[in-house]
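Please find one structure pasted underneath; my questions will follow.
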Amino acid sequence: MSDRYLSTLEEVATLRDELSRRGEKLVLTNGVFDVLHVGHVRYLKEAAALGDALVVAINGDASVRELKGPGRPVNSAEDRAEMLCALECVDRVVVFEERRASGVIEAIRPHVYTKGGDYTPDSLIDEEKAILDRLGVEIRILSLVPGKSTSATLAKLAGDSGEKTPRIAILGSGKGSNARAIIEATGDGRLGADVAVVMSDVPGSGILEVAESCGIPALVIDPGTEKGGQLTDAALKEMLDRLKSLGVDLIACAGFMRILRDPLLSAFPGRILNIHPSLLPQYPGLNAVRRALAEGERETGCTVHLVDVGVDTGRILKQARVGIRDGDTEESLTARIHEAEHRIYAEVIAEVLGVG
Ligand code: GAR
């Protein structure tokens, strides 16, 4: 292992003390960082901006094999360290041989500790969380870049060589025109994925008929509450069990008029999308088209965004603008918004899955 690219824990601990004396902050993150991609770079830049020096702790090769399987790492710890050190935002790299970062955190005592967005402070490993809390370290969870992941990169490299085609679940409560557009995009090759299932909380809804007419499994989920009410825990569990057993990779909400929450949200980090008929953050919630018209807007549109715990509040991935014409009715405007929705939704799904 070349010393040029690697620091020892002692050296980093000394750096930490120097920074502390100057009232500055050391930021620590850890991971494998095998197959470096732009998602890593953006994540590391964001982490570096939280303090004055960024230290990246990478797992040694033996622990990567244990964590990720016999084919990994693709790049040795030495090579990974060299690439990371070449990034302007990275100040030091250390290698640790254990599966967990607890020892590194304890030795370095960072001011800030960051993790990628598929974690929440509660999903950090208990042992790591206990040490961070004891040391009074600020924990920051940074969002991941959809579609820019190691798994998406490796899937692209694997091409068609036996890799599984990504599987989409569509959730909806209404007519299902977006579901039809997504299913058609998978059929004509614009979207390199399969629709594994369509789920609806409304028995007899158009979206279920669309699925059946296209030969896609259509499932009614009993929401356990009246229209618009919270899904019960039992309904969420049923959905999650079904999605897992079908090997679903991405959930596309298309007119699904229920709010999703954990454990569903954390089971598909960065992989639950929604389409909404407005230029969010304008007009979230119900009757978005009607309200835009009533406000006398000259322009509205549609938004594809990640789903979080709020109502239409997650990170925006793509928008399309639709002009409002004199004499437009809710119906005529909705029809033009639908055209835009049908175009952009499949495009975004392809991007997030890395099959675009
Ligand atoms: C779509 O216009 C979608 O934007 C909207 O429901 C419609 C479903 O149409 N979603 C929301 O309002 C979510 N807040 P569809 O059933 O024909 O696809």
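In debye, nearest 20, what is the charge dipole magnitude of the stretch 5-111 about its Cα centre with +1 on Lys and Arg Cβ and -1 on Asp and Glu Cβ, if you could check? Please report the intermediate quantities before stating the final value.
Numbers: 14 positive and 18 negative charges, 77 e Å.
My answer is approximately 380 debye.
Ok, one more. I'd like to know which of Leu67, Gly103, Val35 lies farthest towards the positive end of the charge dipole of the stretch 34-118, counting +1 on Cβ of Lys and Arg and -1 on Cβ of Asp and Glu.
Selected residue: Leu67.
Here's a follow-up. If ligands, DNA and RNA are left out, what is the accessible area of Phe268 with a 1.4 Å probe, given in Å² to the nearest 10?
Around 20 Å² of this residue is reachable by solvent.
Here's another thing I want to ask about it. Going toward the positive end of the dipole of the chain, with +1 on Lys and Arg Cβ and -1 on Asp and Glu Cβ, which of Ser149, Val12, Leu279 do you reach last?
Leu279
Provide the gained length on full extension for the span Asp126 to Ile259, in nm with one decimal, where the gain is 0.36 nm per separating residue minus the Cα-Cα distance.
Details: separation 133, 0.36 × 133 = 47.88 nm, distance 2.90 nm.
Between Asp126 and Ile259, full extension yields an extra 45.0 nm.
Counting only protein heavy atoms and using a 1.4 Å probe, what share of the accessible area of the chain belongs to carbon plus sulfur, as a whole percent? Write down the numbers at each step before the final one.
Values: 8400 of 17060 Å².
Exposed carbon and sulfur together represent 49 percent of the surface.
Determine the per residue accessible area of the stretch 242-351 with all protein chains present and a 1.4 angstrom probe, expressed in square angstrom.
Details: 5170 Å² over 110 residues.
The answer is 47 Å² per residue.
Send over the semi-axes of the stretch 127-278's equivalent ellipsoid, whole angstrom and largest first, taken as the square roots of 5 times the C-alpha gyration tensor eigenvalues. Each step should come with its number before you reach the end.
Working: eigenvalues 174, 107, 35 Å².
Values for the stretch 127-278, descending: 30, 23, 13 Å.
Pairs on different chains or at least eight residues apart, Cα atoms closer than 16 Å: how many lysine pairs in the stretch 125-244 fit? Show your work: numbers first, answer last.
On the way: Lys148/Lys156; Lys156/Lys164; Lys164/Lys244; Lys175/Lys227.
For the stretch 125-244, qualifying lysine pairs total 4.
Continuing with this model, one more query. Let me have the 222 nm mean residue ellipticity of the chain computed from DSSP H runs of 4+ only, each contributing -39500 (n - 2.57), with the sum over all residues rounded to the nearest 500.
On the way: 13 runs with 134 residues, N = 356.
Roughly -11000 deg cm²/dmol at 222 nm, from the helical runs in the chain.
What's the long-distance tail for the stretch 166-230, i.e. % of Cα pairs beyond 14 Å? Before the final figure, lay out each step's value.
Working: 1091 of 2080 pairs.
The proportion of pairs with Cα distances above 14 Å equals 52 percent.
Something else now. Points 7 angstrom from Cα along the Cβ direction at Arg315 and Glu78: gap in nanometres?
3.5 nm
Rg/Rh for the stretch 218-356: what does it come to with C-alpha atoms and Rh from Kirkwood? Intermediate results must be reported in sequence, preceding the final value.
Values: Rg = 15.9 Å, Rh = 16.0 Å.
Ratio of gyration radius to Kirkwood radius for the stretch 218-356: 0.99.
Over its Cα atoms, what ratio of radius of gyration to 2.2 N^0.38 Å does the stretch 209-296 give?
Details: Rg = 15.1 Å, N = 88, 2.2 N^0.38 = 12.1 Å.
Computed over Cα atoms of the stretch 209-296, the ratio equals 1.25.
Still on this structure, please answer the following. Only Lys, Arg, Asp and Glu count, each charged at its Cβ (+1, +1, -1, -1), so figure out the dipole size of the chain about its Cα centre, rounded to 20 debye.
On the way: 42 positive and 54 negative charges, 64 e Å.
Using Cβ point charges on Lys, Arg, Asp and Glu, the chain gives about 300 debye.
Bin all alpha-carbon pair distances of the chain at 20 Å intervals from 0 and give each bin's fraction as a whole percent.
In whole percents, the pair-distance histogram is 26, 49, 24, 1.
Calculate the spin-label point distance for Leu240 paired with Glu97, positioning each point 7 Å from the Cα along the beta-carbon direction, and give it in nanometres.
Here the modelled spin labels are 3.8 nm apart.
Counting just the Cα atoms, what span does the stretch 45-114 cover along each of its three principal axes? Round to the nearest Å and put the largest first.
That gives 36, 26, 16 Å along the principal axes, largest extent first.
Could you do me a favour and compute the accessible area per residue for the stretch 1-62, 1.4 Å probe, result in Å²? Intermediate results must be reported in sequence, preceding the final value.
Working: 2810 Å² over 62 residues.
On a per-residue basis, the stretch 1-62 sits at 45 Å².
Would you mind computing, in nm to one decimal, how far apart the modelled labels at Asp233 and Ala107 are, each placed 7 Å from Cα along Cα→Cβ?
Roughly 4.2 nm, to one decimal.
Can you tell me how much longer the chain between Thr165 and Asp188 gets when fully stretched, taken as 0.36 nm per residue apart minus their C-alpha distance, in nm with one decimal?
Here the answer is 6.8 nm.
Per 5 Å bin, what is the whole-percent P(r) computed from every C-alpha pair distance within the stretch 264-327?
Binned Cα distances yield the sequence 4, 19, 28, 20, 14, 8, 4, 3, 1, 0.
The values are calculated or read from the model by the stated rules, or taken from the named source; none is laboratory data. A quick note: this is a predicted structure, and the numbers were derived from the prediction, not measured. When we count neighbours, we look across all protein chains shown, and the Cβ atoms used for this are built from the backbone with ideal geometry, even at glycine. Ligands, DNA and RNA are excluded from the accessible area calculation, which covers all protein heavy atoms including side chains. Shrake-Rupley method; radii C 1.70, N 1.55, O 1.52, S 1.80 Å.
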